[in-house]
Amino acid sequence: MAEKKLETKALHSGYKGEPQFGARAVPIYETSSFLFGTADEAARRFSEHDINKIYTRIGNPTVAVLEERLADIDGGLAAVCYASGMAAISTLMLTLLKKDDHIVVSNTLYGGTVSLFSDFLPRFGIKIDYVDIDMLEEVEKSINENTKLLYAESIGNPKLNVADLEALSEITKKHNIPFILDNTVTPGIFRPFEYGVDIAVYSLTKYISGHGVTIGGAVVDSGTMNWRKKFARLTEDMPPFHSAKYGKLSLIDQLKITLYQTGACMSPLTAFLILQGMETLPLRMKRIGENTLKIAEFLKNHKNVSWVNYPGLKDSPYYNLARKYFDQYGPSGLLTFGVKGGLKAGKKLINNVKLCSLLANIGDAKTLIIHPASTTHFLISSQERQEAGVTDDMIRLSVGIENADDIIEDLDNALNSV
């Protein structure tokens with residue numbers, strides 16, 4: 001049977017109906033723990049790691065459906081869900097890394113991720129090199145014998161650079177380290193494992209959930225990484241959990257163990273809400289891509305706009321890479337632009353929009369607007385902001401599914417007020 005398309009997977013993967021009552025929608029198993037029929041059944045669930053029917057901190061049937069659906073959409077082996085995107089990233093790092101390890105990281109990342117890498121991980125003796133992810137030679141030169149991974153975003157937020165992801169994967173395979181990609185901005189519309197990515201991470205809060213009602217995160221494993229050379233914990237039969245016997249699932253098993261130990265679990269209700277949003281993911285991403293291109297072209301010609309950055313524009317330096325990786329749906333819904341008059345004019349614009357919502361999120365069905373330098377990237381240094389492409393005059397839009405003409409009218413009125 002041919003592999004199902006994205007639109008079908010977003011609706012059906014991971015669930016064929018609830019057997020007891022025949023519920024067509026995924027039930028919310030809102031319970032802390034699950035009954036064991038007998039002592040032998042309890043022993044079997046623990047010995048066979050039947051974790052979705054033991055205790056919700058380590059597994060839950062509602063969450064399990066979401067995990068299977070995420071893995072299927074990416075063409076991955078399996079996934080683990082968490083309470084937030086940052087919980088997913090931090091748990092993955094704690095699972096893979098130890099003292100004196102070294103990682104290579106893109107210098108164009110979401111501000112919260114930068115804070116994790118710059119402040120949190122060094123406390124545990126982990127060393128970080130930030131690189132210009134567009135410069136392949138710089139990336140490779142930064143890798144040494146202690147390097148354990150390369151981390152980047154499919155589209156940098158908010159610089160909106162598109163790295164040559166396939167070329168980066170060739171570098172990581174040469175050095176036998178995993179390529180970890182934050183695919184939050186391009187879920188479904190980009191299948192990372194087809195281009196050599198080993199692990200994908202997500203903030204499910206954004207486009208996958210799509211309606212701004214909850215937060216969550218996930219790690220999806222491709223199942224293709226050879227962990228034996230540099231990650232002994234994943235390949236040796238070490239007590240108390242003996243993950244080595246799970247073979248290709250050893251990373252997933254270790255992620256579940258770290259989740260069990262740290263407790264950053266996703267609630268069943270959260271999983272249910274994200275599944276509702278996920279059902280319309282392909283429809284929303286198509287509409288968002290169309291809207292964003294139309295708005296970017298409008299802004300390019302506005303008298304009060306000094307520059308526009310969107311990889312879908314033909315004059316973008318990332319246009320060809322965007323066409324290569326995101327051709328069917330377009331390069332997602334983020335765009336940035338500069339307002340003539342700088343910081344003062346930018347704030348005035350934001351104070352005069354009526355339809356666009358001023359808040360710190362992206363990927364909503366509604367159009368969102370923010371000034372990154374004074375909000376999402378406020379906690380990092382001015383030098384780090386410059387390296388990430390965050391200028392004082394920058395406005396970031398996360399375009400929604402409203403009628404594009406209404407969004408344009410709102411922006412036009414606000415721009416004319418500055």
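Things to note:
- Wholly enclosed strands (runs of 3 or more DSSP E) of segment 160-225 bearing at least 3 residues within 19 Å of Thr147 (Cα to Cα): 179-182
- Residues that are within 28 Å of Phe272 (Cα to Cα) and at pLDDT 95 or above within segment 155-187 comprise Ile155, Ile180, Leu181, Asp182, Asn183, Thr184, Val185, Thr186, Pro187, listed in sequence order.
- Test: residue in segment 83-90 that is out of contact with any Ser or Thr (no Cβ under 8 Å at 6 or more places or on another chain), surrounded by fewer than 21 Cβ atoms within 10 Å (Cβ to Cβ) and over 22 Å from Ser222 (Cβ atoms): no
- Test for Ser32: is it in contact with a strand residue (DSSP E or B) (Cβ under 9 Å, 6 or more places away or on another chain) and either surrounded by 10 or more Cβ atoms within 10 Å (Cβ to Cβ) or over 17 Å from Ile73 (Cβ atoms) (or both): yes
- Meeting the requirement of 2 or more residues that are at pLDDT 95 or above, the helices (runs of 4 or more DSSP H) wholly within segment 45-154 are 61-74, 85-96, 136-141.
Residue-by-condition table, conditions (1) over 20 Å from Val162 (Cβ atoms); (2) among the β-branched types (Val, Ile, Thr):
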residue	(1), (2)
Leu299	no, no
Lys314	no, no
Tyr318	no, no
Phe326	no, no
Gly341	yes, no
Gly346	yes, no
Val353	yes, yes
Ile369	yes, yes
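- Where helices (runs of 4 or more DSSP H) fall wholly inside segment 292-393, the ranges with 2 or more residues that are hydrophobic (A, V, I, L, M, F, W, C) and on the phi < 0 side of the Ramachandran plot are 319-326, 342-352.
- So Ser169, is it in the same structural domain as Leu96 (by TED's automatic domain parsing), touching a residue at least 12 places away in the same chain (Cβ under 8 Å), touching a strand residue (DSSP E or B) at 6+ places or on another chain (Cβ under 6 Å) and under 18 Å from Arg191 (Cα atoms): yes
- Looking only at residues in segment 374-402 that are of a type in the set (Gly, Ala, Ser) and crowded, with 20+ Cβ neighbours inside 10 Å, the one that is modelled with the lowest pLDDT is Ala388.
- Taking the conditions (1) touching a Lys or Arg at 6+ places or on another chain (Cβ under 6 Å); (2) touching a residue at least 40 places away in the same chain (Cβ under 8 Å); (3) of a type outside the set (D, E, K, R); (4) more than 22 Å from Phe231 (Cβ to Cβ) in turn, Leu70 satisfies each one other than (1).
- Filter result for Thr235 (at pLDDT below 95, within 22 Å of Leu96 (Cα to Cα) and either surrounded by fewer than 18 Cβ atoms within 10 Å (Cβ to Cβ) or not assigned by TED's automatic domain parsing to the domain that holds Asp327 (or both)): yes
- Scanning segment 169-202 for residues that are more than 21 Å from Thr113 (Cβ to Cβ) and among the polar types (S, T, N, Q) returns a single hit, Asn176.
- In segment 322-342 there is no residue that is over 26 Å from Thr205 (Cα atoms), buried (at least 22 other Cβ atoms within 10 Å of the Cβ), of a type outside the set (Val, Ile, Thr) and not assigned by TED's automatic domain parsing to the domain that holds Ala25.
- All conditions in (1) over 17 Å from the mean Cα position of the chain (by Cα); (2) outside the structural domain of Ala404 (by TED's automatic domain parsing) hold for Thr270, with the sole exception of (1).
- Check on Thr292, buried (at least 20 other Cβ atoms within 10 Å of the Cβ), touching a strand residue (DSSP E or B) at 6+ places or on another chain (Cβ under 9 Å), under 26 Å from Pro27 (Cα atoms) and modelled with pLDDT of 95 or more: no
The values are calculated or read from the model by the stated rules, or taken from the named source; none is laboratory data. Note that this is a predicted model, so its numbers are computed, not measured. When we count neighbours, we look across all protein chains shown, and the Cβ atoms used for this are built from the backbone with ideal geometry, even at glycine.
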